[in-house]
Amino acid sequence: MRYSPIGIFDSGVGGLTIYEEIHKLLPNDSIIYLADSKNAPYGDKTKKEIIDISVKNTDFLLSQGCKLVVVACNTASTNAVKYLREHYDIPFIRVQPAIKPAALNSKTKVVGILATKGTLKSELLFETSQRFAQGVEVIEQVGEGLVTMIESGKMHSPEMTDLLNKHIKPMLDKNIDHLVLGCTHYPFLTDQIKEIVGKGVAILDSGEAIARQTKVILGEEELLNLEQGDIRRIFYTNKDSQVMQKILDEFDEGFEAIKINF
């Protein structure tokens, strides 16, 4: 099993930000990525819908022989990972907004989180904030429309700039000094967000932490591949493959986005 691939799924291309960190930390492991763009965004779906979609995605990755599944979507992580762990006999890695480091390092004691509605209303986020953000004001902002624009190839459009300003400026008015990106799609927008928030606001995402956790769990389960061998990188999408292909081309490793009916 240690030579089997790591599986990653997300509600589209956002989880490629997680893939990139895992690939850097675990270069010997094969990875199979599933972009469920057809069902994006997950943030406005019910918990049952999110669980059903996550089960379907997991079954697909298991059919490809994956040894571990990274749920590279904050909404699916906060709403479905508990169910998945109870019903499957493989390790699951979930993503979690970086509330803890933001709260611990905030000097203004005001931090912002930009996330989907599904993540912001989840029990996991509430518990995380209660545990680690005592004495810190957490300004929550639904990133309405951001995932849809990214999935539509409008990442660098004037409309995206306007939407980011609309979402972020009210948090700046509240004197945040850390901004947590609570959706794996959002790190693609980091450069644009930096132009809005300036140097006085730290931007946090969970990519590196998820990669480290993946390595830890693989080691604990004796699934860590330490040998170079026949390494595969396969990228599936169930929608128009052009958006994913454009991002893969920026990785400059000759990968192909494969369209599947799923």
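Quick notes on this one:
- Per-residue ³J(HN,Hα) for region 96-110, Karplus 6.51 cos²θ - 1.76 cosθ + 1.60, θ = phi - 60°, Hz, x for Gly and Pro: 8, x, 7, 5, 4, x, 5, 5, 5, 9, 6, 8, 7, 6, 9
- Using the Cα coordinates of region 90-143, the gyration tensor eigenvalues translate into equivalent-ellipsoid semi-axes of 20, 14, 10 Å, sorted from longest to shortest.
- log₁₀ of I(q)/I(0) at q = 0.10, 0.12, 0.13, 0.23 Å⁻¹ - region 57-161, Debye sum with one point per alpha carbon: -0.38, -0.54, -0.62, -1.15
- Altogether, the Stokes-Einstein calculation at 25 °C and 0.890 mPa s, with the Kirkwood radius of region 13-117 over Cα pairs as Rh, returns a diffusion coefficient of 162 µm²/s.
- Between helix 47-63 and the chain there is an angle of about 30 degrees, using the helix long axis and the longest principal axis of the Cα atoms.
- Whole-number accessible area per residue in Å² for region 122-262, which is evaluated in the context of all protein chains at 1.4 Å: 56 Å²
- FRET efficiency, 1/(1 + (r/R0)^6) with R0 41 Å, evaluated for residue 63 and residue 191 via beta carbons: 0.65
- The share of accessible area on the chain that comes from carbon and sulfur is 47 percent, using a 1.4 angstrom probe.
- The P(r) of the chain has a tail past 34 Å containing 14 percent of all C-alpha pairs.
- Links that overshoot a 21 Å alpha carbon limit, given the list 45/117; 100/169; 45/246; 47/82: 100/169; 45/246
- Listed by chain and number, the aspartates and glutamates whose alpha-carbon sits under 18 Å from that of residue 199, ignoring those within fewer than 8 places in the same chain, are 173, 177, 191.
- About the Cα centre, charge dipole magnitude for the chain (Lys/Arg +1, Asp/Glu -1 at Cβ), debye: 620 debye
- When the helices of the chain are scored as -39500 (n - 2.57) per DSSP H run of n ≥ 4 and the total is divided over every residue, the value at 222 nm lands at -13000 deg cm²/dmol.
- Spatial extent of region 100-240: Rg and Dmax, with the Cα atoms as the point set, Å: 17.5, 52
The values are calculated or read from the model by the stated rules, or taken from the named source; none is laboratory data. Nothing here was measured: the structure is a model prediction, and the numbers come from that model. A quick note on method: Cβ atoms are made from the backbone with ideal geometry, for glycine too, and the neighbour counts reach across all protein chains shown. Only protein heavy atoms, including side chains, enter the accessible area calculation; ligands, DNA and RNA are left aside. Shrake-Rupley method; radii C 1.70, N 1.55, O 1.52, S 1.80 Å.
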